[in-house]
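In what follows, a single structure is set out as structure tokens and then discussed.
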Amino acid sequence: QSVFNRLPHAIYFAPGRVNLIGEHIDYNGGRVLPAAISTGTYFAIARNGAARANVFSTLFQERKTIELSELLSIKATGHWTDYIVGLLLQLNNSFAPLAGVDILVASDLPQNSGLSSSASFTVGFGFALCDLLGFDLDRVSLALAARAAENDFVGVNCGIMDQFAIAMGKADHCIELDCSSLEYELVPMHLAGYEIVIANSMVPRKLAESNYNLRRTECEQALNVLQKQYSVVHLCELSASQVESCTELRKADVLWRRARHAVNENERVYESVAALKQGRLADFGICMNASHDSLRDDYEVSCPELDVLVDAARSIPGCLGSRMTGAGFGGCTVSIVESATLPEFSARLLEAYARSTSY
Ligand code: ADP
Ligand code: MG
């Protein structure tokens, strides 16, 4: 009320997301296993009777106005409102003319830490707007619109995992998702007595983008070698033994290790889903540990700080497994921790991290 001089019509929440396992394989035809999380983005929204969207972000303490009549000529500037304009443009394709709204956005997600504050922001805004204005947009279409807003307007070359997990997430479930076909299954998580714990390394992800592109190229090169022997379209169609036994690829040590990560990680996703369905949480933890070790040694996308967090977490009683999550070179770790040991886990993790790093 103090920002827009009116009360909101409604308040909405969009979660962030964490990828539990299945790292760096979405672009290799593999499956991912993200879950929506309880930190995220809040939206207070009301119609304003004008042909403009007024947006205030508590994060940036800034209010901006977007004239709806000028929507088609607005250019992206790198400002946080790009996400809003990008999504308005998507909705404008199907639901023009859009009505004016006032929106206040607040968030308890860290930015640029691999928990997808941008998708939470964009999907949540889209959901709130559609609900308020009565637009009939199903959740998968909303996820696709939010991704298109990032790809086409903001200019970020992201996949669909984040938007999908945020739009389709469900309490006490994670989502097994094929990012190319959008085939998915909600997998129940029987966490009784355990928690998903996310630890933020606070390391800026400076190297993440260039290394992400490099890894993609390396995977394409590995695939080219393997395609001489096997007729496949994606790395993840191969088994670990097929990759192991390709002598030509073995000679190119780096490419061989990249491919090995992809196929092993893909198999770990299947193992994890089976373990979770059967309530074998300890086995899921073993998969998480193996995932981190593979990302550190074969895929080389971890960093010393993430390794410190993971090693410390694993040494604390009550932790079933711990791994880096997201693209790497900073960002967060995810661990499965016994609820009763949470206070001790947090204290010991913080203490170990402060002792070994400058963050
Ligand atoms: P990540 O998605 O990993 O958190 P990104 O760089 O993709 O990191 O997205 C962060 C950007 O998303 C912010 O710089 C800002 O432009 C936008 N954003 C996210 N949450 C908010 C918010 N609550 N208010 C305004 N902009 C936000
Ligand atoms: Mg993002």
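If you check Asp82, Asp102 for being among the charged types (D, E, K, R), more than 16 Å from ligand 2 (Cβ to nearest atom) and crowded, with 18+ Cβ neighbours inside 10 Å, only one passes: Asp102. Screening segment 107-123 for residues that are closer than 13 Å to Tyr83 by Cβ and more than 10 Å from ligand 2 (Cβ to nearest atom) and picking the one that is surrounded by the most Cβ atoms within 10 Å (Cβ to Cβ) gives Val123. Among the residues here, Lys206 does not qualify as among the basic types (Lys, Arg), more than 16 Å from ligand 2 (Cβ to nearest atom) and either in a helix (DSSP H, G or I) or surrounded by fewer than 18 Cβ atoms within 10 Å (Cβ to Cβ) (or both). Of the residues making up segment 305-328, those that are within 21 Å of Arg355 (Cα to Cα) and within 16 Å of ligand 1 (Cβ to nearest atom) number 2.
Quick one: how many residues across segment 131-155 are farther than 21 Å from Ile103 by Cβ and surrounded by fewer than 15 Cβ atoms within 10 Å (Cβ to Cβ)?
Count: 3.
Listed here are the residues, each with its yes/no results for (1) among the aliphatic types (A, V, I, L, M); (2) more than 15 Å from the chain's Cα centre (by Cα).
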{"position": "Val3", "(1), (2)": "yes, yes"}
{"position": "Pro8", "(1), (2)": "no, yes"}
{"position": "Pro15", "(1), (2)": "no, no"}
{"position": "Ile25", "(1), (2)": "yes, no"}
{"position": "Pro34", "(1), (2)": "no, no"}
{"position": "Gly49", "(1), (2)": "no, yes"}
{"position": "Arg52", "(1), (2)": "no, yes"}
{"position": "Leu59", "(1), (2)": "yes, yes"}
{"position": "Thr77", "(1), (2)": "no, yes"}
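If you check Gly126, Gly155, Gly169 for being under 18 Å from Trp80 (Cβ atoms) and either away from ligand 1 (no atom under 14 Å from the Cβ) or in contact (Cβ under 8 Å) with a residue 60 or more places away in the chain (or both), only one passes: Gly155.
Here, each number is a calculation from the coordinates, and none is a lab measurement. Quick caveat, the model's predicted, so the values are computed rather than measured. Neighbour counts run over all protein chains shown; Cβ positions are idealised from the backbone, glycine included.
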